[in-house]
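The values are calculated or read from the model by the stated rules, or taken from the named source; none is laboratory data. Keep in mind that this is a model prediction, so the values were computed, not measured. Cβ coordinates were reconstructed from backbone atoms using ideal geometry, including for glycine residues, and neighbour counts include every protein chain displayed. Please note that ligands, DNA and RNA were not included when accessible areas were found on the heavy atoms of the full protein model with its side chains. Shrake-Rupley method; radii C 1.70, N 1.55, O 1.52, S 1.80 Å.
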Amino acid sequence: MDEQVLKLTASADRRLVACEVSSQRTVEWAISAAELPRHANRAPLNIALILDRSGSMQGEKLRNVQHAAKYVLDLLDERDRVALVAYDDQVSLVARSTPVTAAQRDVLKRAVDALRPGGWTDLSGGWVTGCHEVAAYQSSAGVNRALLLTDGLANRGITDVEELAHHASELRVRGVATSAFGVGLGFNEQLLAALAEQGGGHFYYIERAEQIAEVFRRELGELLTVVVREVFVTITVPRGVTVELLGDLPHERVGDRLRIFLGDLCAGERRLLYTRVLTPPDASGASVALAGTLCYADLDGRTATVEATVAFSYAPEADVLRLPLAEELLRRASEIELAASTVRALRLERAGQPGQARALLLQSLAAAAPYLAAPAAAQYSALAEQMGDGMSEGQRKATHFAAYQARQSRK
Amino acid sequence: MAEETLYTIGELAELAGVTPRTIRYYTAEGLLPRPDARGQYALYSPEHLLRLRLIGQLKAGYLPLGAIKARIEHLSADEIRTLLGQQEPPPPPDSAAEYVARLLSAPARQQLAEAPLPYQLPGAPPCGSVAQPQANLAAAAPAQPMPPHRLAEMPAPAPALAVALQAPRAEMAIADADQWRRITIEPGVELHIREPLNDQQRRAVERLIAFGRTLFGRESS
């Protein structure tokens, strides 16, 4: 058997738990993907570019999107497939999924140039049509993903966040992922982030139109170096123990298992997950262990697993408290938790409840305070005040995007 | 794989979520290989753990112990790992292509008319929660991810989707500033108009639409 492509390690803030009372431990699960060997073949990409051409895209935005789309076409070659979908209130399949040969690339580029701005934003229609093309040529050896770009609110077709996120998650389970790109200030960041997160892809906030090409390059760079696909971690929860996942990441519980979805990972990518563990009292000398299994598919479509375990020994409470805490680990966990609270607070702020948003964030900040560095704490407290006073659309989106990246432990 | 890790019966019992007594029973019944008993304690390997997990899964499927034994007795550690891996998430009932096809084939998808206002579902919502997605979202404070396998119980497109797709046509009712709107004169021929229009422009546009449609042999409705 060849070397493992993925590694999983588990570590805790302390290795002891108390006999007399319930103990709360924090466990960090680190997942890291191997660097790409130089000779390695990359995975073929099977993608759909789904571009917003609603009226609001007129001018500089559409020109930048056209430029970025042509740039993506230049990064692909005949191993890859691409479909081109443009949508406003009508969805047009500009080009069916096709291999990116030199001749096809020219045809596709001309089609991109011919895009004209239109009417309303049938985001769901465009997205579903793009997914249809990807699904039609789904490959078990490649990366199958819809890339959805928008600058506006979904105001046609399916517009409900929960419903769109549900479809994205269903498609992710079936092997078709979604990444979402929001341009400017007019789109709904909660909707796009939910679509990408449940869809097993990435979300990007693109503040200025001239950054579109650069962000597409980043996403494509990751897709072109994907080394493992459809990654998830399953944590088996022993009887009597409670395990809670921090960061509001996509997960599900089946019986005594907690399953966390990570999607496709690219070469050298590292992800951190945090769980809070509550152990019941037990006799001194006993132990309790948490087992994590990382499951993934390699580029040949073979599934493989890697395991890691973190075990806690029972000891008198006084001994437990004497043991030093892994403070750095707790600080990292607090930051994930605060990022998740920030997203929740932003949702309240956007819904016109600035007072509640501020209170929620301050409350989380107080809980995290013991482990947080002073500058970070000051930043969050300033953010809470800003939320209380009301935020501009730009602040909202920038804050949301920073929190999204922190929760994902993505740089 | 950390093949060197060995467990005492207590550790193995904790990891597998069973009692030591169960482990001894399974060993006596031949469901588990005997532990390495050369040292002071009997030591169990990661393969014991894998076998215990598989037994747990098969038991959850109401398979009697005799049948479980027959099924796993001759499996290698790798085969067990594969089986466990396969059983991890239950495979979805259909493919991505079938799922998308169902979303696309929902009735009247292509005939949708303009939505009344941005960020609102067209037509009367079936319940309060869909009418105002923003408020709805705030109420559901901790983002609960959707149960991914809900489809098993709910094969048809979600109810809100059906409502969205069968929304009634809304005519020329746009109050939003700087919105583009497209009017189909004939399949493949469209008129693009930037709203809002003043009354004079609106009358002219209406005449233009009516005239355009007569050119293609379609009277305006």
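Along the positive direction of the dipole of chain A (beta-carbon charges: Lys, Arg +1; Asp, Glu -1; about the Cα centre), which of A:I235, A:S32, A:L49 reaches farthest?
A:L49
Would you please give the residues with an amide H less than 5 Å from that of A:C266, counting only those at least 5 places away or on a separate chain, with H modeled from the backbone geometry?
Close amide H contacts, sequence-distant or interchain: A:V227.
If you average the C-alpha positions of segment A:237-254 and of segment A:78-145 separately, how far apart do those two centres end up, in angstrom?
38
Could you name the lysines in cross-link range of B:K69, using Cα to Cα under 28 Å and dropping any fewer than eight places away on the same chain?
B:K59
Tell me which of A:L360, A:L75, A:Y87 sits at the most positive position along the dipole axis of chain A, charges placed on C-beta atoms (Lys, Arg +1; Asp, Glu -1).
Projecting each Cα onto the dipole axis, the largest value belongs to A:L75.
Could you give me the ³J(HN,Hα) list for segment A:295-300, computed from phi with Karplus coefficients 6.51, -1.76, 1.60 and θ = phi - 60°, whole Hz, x at Gly and Pro?
10, 7, 10, 7, 5, 8
Helix A:189-198 versus the longest principal axis of chain A: what is the Cα-based angle in degrees, 0 to 90, to the nearest 10?
Helix A:189-198 sits roughly 70 degrees off the main axis of chain A.
Compute the FRET efficiency between A:E210 and A:Q24 as 1/(1 + (r/R0)^6), taking r as their Cβ-Cβ distance and R0 = 41 Å, and round to the nearest 0.05. Can you show the working numbers first?
Details: r = 48 Å, r/R0 = 1.16.
Taking R0 as 41 Å, the efficiency between A:E210 and A:Q24 is 0.30.
Measure out, as a whole number of angstrom, how far apart the alpha-carbon centroids of segment A:358-411 and segment A:3-32 sit.
About 26 Å separates the Cα centre of segment A:358-411 from the one of segment A:3-32.
Could you work out the local net charge near A:E210, counting Lys and Arg as +1, Asp and Glu as -1, over the other residues with Cβ closer than 14 Å to its Cβ?
Values: positive: A:K61, A:R63, A:R208, A:R217; negative: A:E60, A:D151, A:E207, A:E214.
In short, 0.
With +1 on the Cβ of every Lys and Arg and -1 on the Cβ of every Asp and Glu, and nothing else charged, how large is the dipole of segment A:47-185 about its Cα centre, in debye rounded to the nearest 20?
Numbers: 15 positive and 17 negative charges, 79 e Å.
It works out to roughly 380 debye.
Angle check, please: helix A:102-113 long axis (alpha carbons) against the longest principal axis of chain A (alpha carbons), in degrees 0 to 90, nearest 10.
90
How large is the dipole of segment A:256-331 about the Cα centre if only Lys and Arg carry +1 and Asp and Glu carry -1, each at its Cβ, rounded to the nearest 20 debye?
Working: 8 positive and 11 negative charges, 30 e Å.
Result for segment A:256-331 is approximately 140 debye, rounded to the nearest 20.
Set Lys and Arg Cβ to +1 and Asp and Glu Cβ to -1, take the dipole of chain A about its Cα centre, and tell me which of A:L223, A:V173, A:W120 lies farthest positive.
A:L223
Within segment A:286-310, find all residues whose amide N lies under 11 Å from a label point positioned 7 Å from the Cα of B:T82 along Cα-to-beta-carbon.
Residues passing the 11 Å test: A:303.
Quote the charge dipole size of chain A about the Cα centre in Debye, to the nearest 20; the model charges only the Cβ of Lys and Arg (+1) and of Asp and Glu (-1). List each step's numbers first, then the result.
Values: 45 positive and 51 negative charges, 79 e Å.
Using Cβ point charges on Lys, Arg, Asp and Glu, chain A gives about 380 debye.
With r defined as the distance between the Cβ atoms of A:Q363 and A:R217 and R0 fixed at 45 Å, what FRET efficiency is calculated, to the nearest 0.05?
0.70
Kindly write out, for segment B:39-55 in residue order, the coupling ³J(HN,Hα) from the Karplus curve 6.51 cos²θ - 1.76 cosθ + 1.60 (θ = phi - 60°), rounded to whole Hz, with x marking Gly and Pro.
x, 5, 10, 6, 10, 10, 9, x, 5, 4, 5, 4, 4, 4, 5, 5, 4
Once you put a point 7 Å from the Cα of A:R63 and another 7 Å from the Cα of A:L185, both along the Cβ direction, what distance in nm separates them?
Here the answer is 2.2 nm between the modelled labels.
Using a 1.4 Å probe, how large is the accessible area of A:H400, given in Å² and rounded to the nearest 10?
Here the residue's solvent-accessible area equals roughly 10 Å².
With solvent modelled as a 1.4 Å probe, how much accessible area in total do chains A and B shield from it at their shared surface, in Å² to the nearest 100?
Rounded to the nearest hundred, the buried surface is 5900 Å².
Quick one: ranking B:L197, A:L294 by accessible area, 1.4 Å probe, largest first, what do you get?
Numbers: B:L197 35, A:L294 0 Å².
The ranking, largest first, comes out as B:L197, A:L294.
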